[in-house]
1. What is the magnitude of the charge dipole of the chain about its Cα centre, with +1 placed on the Cβ of each Lys and Arg, -1 on the Cβ of each Asp and Glu, and no other charges, expressed in debye to the nearest 20?
2. Could you give me the ³J(HN,Hα) list for segment 314-320, computed from phi with Karplus coefficients 6.51, -1.76, 1.60 and θ = phi - 60°, whole Hz, x at Gly and Pro?
3. Let me check I've understood the local charge: for LEU250, count other residues with C-beta under 14 angstrom from its C-beta, Lys and Arg +1, Asp and Glu -1. What total comes out?
4. Where is the GNM fluctuation largest for the chain (alpha-carbon springs, 10 angstrom cutoff): GLU190, GLU317, GLU355?
5. Hey, which lysines would be in cross-link range of LYS140, C-alpha to C-alpha under 17 Å, not counting anything within fewer than 8 residues on its own chain?
6. Amide H of LEU250 versus every other amide H placed in the peptide plane: which residues, excluding those fewer than 5 positions away on the same chain, fall under 5 Å?
7. Residue by residue, what Karplus-based ³J(HN,Hα) values in Hz, rounded to whole numbers, does segment 41-50 have, using 6.51, -1.76 and 1.60 with θ = phi - 60° and x for Gly and Pro?
8. Just from its helices, what would the mean residue ellipticity at 222 nm be for the chain, if runs of 4 or more DSSP H residues each count -39500 (n - 2.57) and the sum is divided by every residue, rounded to the nearest 500 deg cm²/dmol?
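Coordinate-derived values only; no laboratory data. What you see is a predicted model, and the numbers here were worked out from it, not measured in a lab. Neighbour counts run over all protein chains shown; Cβ positions are idealised from the backbone, glycine included.
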Amino acid sequence: YASQTSSLEVPDSAPYRENDEYADVDWDNLGFGLMPTDYMYVNKCGAGQHFGHGQLNPYGNIHLSPSAAVLNYGQGLFEGTKAYRKENGQLLLFRPEQNAIRMKSGAQRMCMEAPSVDQFVNALKQTALANKRWVPPPGKGSLYLRPLLIGSGAVLGLAPAPEYTFLIYASPVRNYFKEGSAPLNLYVEENFDRASRRGTGSVKTISNYAPVRTCTPMDSFLCFFFVSRIQKHVLMAQLRAKKNGFSDVLYLDSATKKNLEEVSSCNIFIAKGRCISTPGTNGTILAGITRKSVIELARDHGYEVQERAVAVDELMEADEVFCTGTAVGVAPVGAITYQNTRMEYKTGSGTICQELYNTLLGIQTGAIEDKKGWIIEI
Ligand code: COI
């Protein structure tokens with residue numbers, strides 16, 4: 001497996017257990033923690049080349065040069081998608097080509113080689129099938145598949161890596177938040193930004209998720225000298241929010257601080273009457289596949305959906321707020337605190353959020369007929 005240019009090696013000591021129907025997992029107590037499975041998919045290519053055939057290897061640590069571009073300069077992208085087990089035992093993937101397309105366009109922005117859409121989708125299928133015994137029983141969750149594309153080649157000066165690694169690992173999961181399916185309690189973060197104009201907010205780059213504050217000229221000066229101190233403040237802000245009982249942080253746009261942006265790990269929607277609004281994909285918003293699917297389903301159900309700048313003040317008037325994301329699904333928000341004011345929202349039966357959650361999950365799990373061609377059965 002190891003090639004001369006390789007900066008990634010996979011130990012061959014992981015167990016192969018192909019025949020068991022189900023892995024030994026407490027399926028009733030799944031959260032969103034990593035539970036390593038049997039196999040991961042690995043494929044590598046040199047800069048300026050195309051990805052060839054990849055392979056399934058036992059899940060295990062990877063070996064990287066300390067000067068790998070991903071470690072030094074954050075040249076990396078990730079994706080997330082889920083495989084569900086249908087009652088008849090077949091596995092279902094949801095719109096995997098959308099993840100492939102997003103990874104390809106992200107790779108262009110990050111000057112990386114990317115697998116083709118076919119290679120990406122085939123790799124997902126292989127990884128899901130090889131780890132089938134880790135796919136929860138129907139109704140108990142899903143197998144989360146995490147594709148990564150990293151600059152694995154060594155660099156010293158700032159430059160694109162000479163080698164790229166595309167890999168996919170998997171973990172059985174259920175609810176993302178510790179609240180389970182209970183409504184979320186969000187805190188509007190005003191001191192730190194998620195993304196800046198003309199930055200990479202719309203790209204699923206690994207560095208968007210360990211949030212860095214957008215700098216004013218004075219901040220840039222301070223950043224230069226006190227980077228570690230400022231980053232500590234970012235972590236402290238998140239920890240403080242969690243310590244104070246909040247589920248997560250809702251960011252505002254960095255330019256005006258007047259419009260909603262995203263929650264750390266998902267997109268945000270508000271609903272007033274039969275009108276649903278979500279921040280438009282203007283360059284700082286991640287174009288979520290769940291976001292896009294929920295917009296389409298909501299329109300099918302007769303709701304008006306607006307993709308636009310959504311003012312933070314509209315939170316005062318909203319009937320409902322909900323989040324969408326692959327990991328999160330469609331999650332109701334019960335309360336948001338903004339500038340010491342706590343606003344509460346409708347949740348539970350009869351809500352738009354519940355209707356969209358049921359429809360989307362129904363399609364994803366095969367309980368509702370897929371009339372859109374979103375599902376791939378494997
Ligand atoms: C996902 O929803 O799949 C993501 O990639 C977000 C991540 C922060 C869990």
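1. Value, rounded to 20: 620 debye.
2. In residue order, the calculated couplings are 5, 4, 5, 9, 5, 7, 9 Hz.
3. Working: positive: ARG194, LYS242, LYS257, LYS258, ARG342; negative: GLU189, GLU190, ASP193, ASP248, ASP253, GLU261, GLU262, ASP313, GLU314.
Every neighbour counted, the sum reads -4.
4. The residue that fluctuates most here is GLU317.
5. Straight-line reach from LYS140, under 17 Å: LYS82, LYS86, LYS132, LYS178.
6. Close amide H contacts, sequence-distant or interchain: TYR187, VAL188, GLU189.
7. Using θ = phi - 60°, the values come out as 9, 9, 8, 10, 8, x, 4, x, 10, 10 Hz.
8. Mean residue ellipticity at 222 nm (helix-derived): -7500 deg cm²/dmol.
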